[in-house]
Structures are given as structure tokens and as C-alpha cells.
């Protein structure tokens, strides 16, 4: 059996962050005139912690995100009327369908939360990450004590709002 002399004595260890090493920051996003999908991908990235150098896919390393003005979010290309949200009670014939326009008119927080939830892992880790998301329809939020920093999302602006 041949011995590889170049790698002899070298070992690369995989880094795994410990719970005490994780520092969680608070960010606030003003969703006014932001495209829903583009905003949601960046928020999901921050909730997962992929923006940090200590990211590990099996540990919750993400930060807290507050979204304000969720009622002023934008869907492009007529998706508000075309895209449908389904809910099922679990009983036969218990499916309920609504368009995103109807959902944004009645529960804008739920529309934003559902979109971000679909971009997180579908397990207990994803549920823990989703608990760090706070969504509000209006411009105010009760998390001033955490001193959230603004999260700039310039590429998520709607084209009509950018001009």
C-alpha cells in the first residue's frame, strides 16, 4: 500500500461553532416598495446565518430580523393575482385557496412569513430559525430595546420605485 508523503501529519478539522460562540444581532427591514421574493431570500439568508463566517448547516447561527411595512410589499408581473396560497384543514374537501392579493389585503404579515418560511429548512432547525422573524404590517415595532440595525436591500427595490 502506497503512503502519501505529502499529506503525512496534516489534518484539516471541520469547524463547528459552539452555542456560546454564536452572537445574535437584530436587523430591521423596511419592506416598503421591496419585491417580496427578493426581500425574502435575503431575510432567509440572515435568519439561517449564511452571512456569517461561522455558518454551519446543522446549527442555528442566524440573527433576528424585524420586518416593518409588510403591507406595502410588492409582487411583480401580476403575481399578486396569479399566485395562489393553499391551506388544508386535514379533512376531505378541506382545502382553502386565496390569491396573494387577497392575503396581502387581509393578513400581510402572514403573506411575508409564509414566503420566508418556504425558504428555510423543513425541520425543527427551520422552525427555530423562523421564530427569530418578527413581521409587522405597519411602520412601528416593539423591539426598540434590542437596538436593531437597518438591513440594506437595495437590489430588492421594485423598478417603479427605483426610478
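Just so it is clear, none of the values below were taken in a lab; they were calculated from the coordinates. Keep in mind the model is a prediction, meaning the values are calculated, not measured. Positions of Cβ are backbone-derived with ideal geometry, glycine not excepted, and every protein chain shown enters the neighbour counts.
Would you look at the GNM of the chain, springs on alpha carbons closer than 10 Å, and say which of 110, 21, 32 moves the most? The residue that fluctuates most here is 21. Principal-axis analysis of the Cα atoms of the chain puts helix 36-48 at an angle of about 40° to the longest axis.
Note the full-extension length gain between residue 76 and residue 98 as 0.36 nm times their separation in residues minus their Cα-Cα distance, in nm to one decimal.
On the way: separation 22, 0.36 × 22 = 7.92 nm, distance 1.75 nm.
Gain on stretching residue 76 to residue 98: 6.2 nm.
Model label points for residue 11 and residue 123, set 7 angstrom from Cα along the Cα-to-Cβ axis, are 2.6 nm apart. Measuring how big the chain is from its alpha-carbon positions, Rg and Dmax come out at 20.1, 70 Å.
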